[in-house]
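Only one structure is covered here, and it is reproduced in the block below.
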Amino acid sequence: MRPLIVVSLLNIILPRILKKLFDFVIHEHMTIKYNKLPKGVLNPYLPGYYGETLFGRCFRTFTRMFGPLIWISRLIICFLINMIPIIGPILVILIKSPKSGFSKHKRYFHLKGYTNAQIYYIWNHEKLQYCQFGFISLLLENIPILGYLFIFTNTVGAAYWATDIEIEFNKDMVNKMKVK
């Protein structure tokens with residue numbers, strides 16, 4: 001009974017702490033001086049994105065409608081695969097890694113002020129990087145006892161990755177302005 005209470009408290013308290021940790025790392029690393037980071041504080045320009053298509057809107061609506069069904073079926077499949085000795089947990093981590101890596105940047109997308117279409121565009125173009133990050137982060141978070149520590153370090157790593165993306169983006173923008 002006691003572990004159930006601890007886990008439920010962590011699920012309630014942990015997201016707020018991780019959000020504040022992500023904001024703190026971005027605040028310190030990028031020298032943005034705000035008491036609170038508002039939505040859209042980072043430059044929302046996305047190179048290569050030219051707007052939302054009708055197909056993209058229909059696809060996202062379809063996935064939103066059938067999202068719970070997809071989630072339950074994925075959960076059952078992962079549960080059954082997890083029962084395979086030795087390779088089962090690794091296969092489950094491989095299945096969950098793209099979404100896990102991508103979800104670590106949710107706060108970054110909120111700070112950028114991106115729409116769902118822009119987020120989906122990023123997902124399609126950076127899927128391999130998010131898959132790699134998610135695989136390593138899930139692998140570390142599944143280590144017993146130390147996994148709780150790695151939840152925080154993975155959040156810090158995602159925030160540093162976001163600041164590196166922003167710094168690189170700002171350098172590219174400055175270089176393009178110098179050329180013109």
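The values are calculated or read from the model by the stated rules, or taken from the named source; none is laboratory data. Keep in mind the model is a prediction, meaning the values are calculated, not measured. Here Cβ is always computed from backbone atoms with ideal geometry, including for glycine, and neighbour counts include all displayed protein chains.
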Test result for Asn124, farther than 24 Å from Phe62 by Cα, over 12 Å from the mean Cα position of the chain (by Cα) and at pLDDT below 90: no
task: Of the conditions (1) of a type outside the set (S, T, N, Q); (2) modelled with pLDDT of 85 or more; (3) within 22 Å of Leu140 (Cα to Cα); (4) under 22 Å from the mean Cα position of the chain (by Cα), Leu14 clears all except one; give me its number.
output: (2)
Any helices (runs of 4 or more DSSP H) falling wholly within the range 70-180 and containing at least 1 residues that are of a type in the set (Val, Ile, Thr) and on the phi < 0 side of the Ramachandran plot: 87-103, 116-125, 127-141, 147-179
message: Taking the criterion of being closer than 20 Å to Asn11 by Cα and acidic (Asp, Glu), would at least one residue in the range 134-143 satisfy it?
response: yes
message: For Tyr121, only one of the following conditions fails: (1) touching a residue at least 60 places away in the same chain (Cβ under 8 Å); (2) touching a helix residue (DSSP H, G or I) at 6+ places or on another chain (Cβ under 9 Å); (3) closer than 23 Å to Lys19 by Cβ. What is its number?
response: (3)
statement: When the range 110-154 is checked residue by residue, the ones that are more than 13 Å from Ile93 (Cβ to Cβ), buried (at least 20 other Cβ atoms within 10 Å of the Cβ) and out of contact with any Pro (no Cβ under 9 Å at 6 or more places or on another chain) are Ile122, Asn154
Test: residue in the range 163-180 that is acidic (Asp, Glu), touching a Ser or Thr at 6+ places or on another chain (Cβ under 9 Å) and surrounded by 15 or more Cβ atoms within 10 Å (Cβ to Cβ): no
